[in-house]
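Working notes for the structure below.
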Amino acid sequence: MGSIVFARFDMDSGCVYAWTDQCNLILIDCESIEDAFADNMYQRSELDRLIYEDPKAYAELVWDECPDLYLKESTDYTRLSDLR
């Protein structure tokens, strides 16, 4: 299927545009990905950070279909009711 060569985030559309080594353009709707995988505000902010700082890594994460594994490893979230 090819690997991601270049990616950029377009703030106007809220999408990441990624190009593969086979010259295919992939359009990733970031809001849809957040709705599907992020369960809380910490996971959403982690995805937002990745989109702004490294859109290529974000595109690779979505392309490999493993955002949920990344979010479980990168965010430490404990509900307030569990702390009591």
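Nothing in this text is a laboratory measurement; each read-out follows from the coordinates by a stated rule. Here the structure is a predicted model, which means the values were calculated and not measured. Counting neighbours? That spans all protein chains shown, and the Cβs are built from the backbone with ideal geometry, glycine included.
The dipole here belongs to the stretch 4-77: it is taken about the Cα centre, uses +1 on the Cβ of Lys and Arg and -1 on the Cβ of Asp and Glu, and is about 180 debye.
Considering the dipole of the chain built from charges on the beta carbon (Lys and Arg +1, Asp and Glu -1) around the Cα centre, which of L50, L61, C30 is farthest to its positive end? It is L50, whose Cα lies furthest towards the positive end. Which entry in [x] 44, 20, 14; [y] 25, 12, 10; [z] 27, 13, 9 is this structure's computed semi-axes √(5λ) of the Cα gyration tensor in Å? Checking each listed value against the structure points to [z].
The helix-only estimate of mean residue ellipticity at 222 nm for the chain, built from DSSP H runs of length n ≥ 4 each weighted as -39500 (n - 2.57), is -13500 deg cm²/dmol after division by the residue total.
Full extension of the segment from E65 to C23, taken as 0.36 nm per residue of separation minus the current Cα-Cα distance, would add 13.1 nm.
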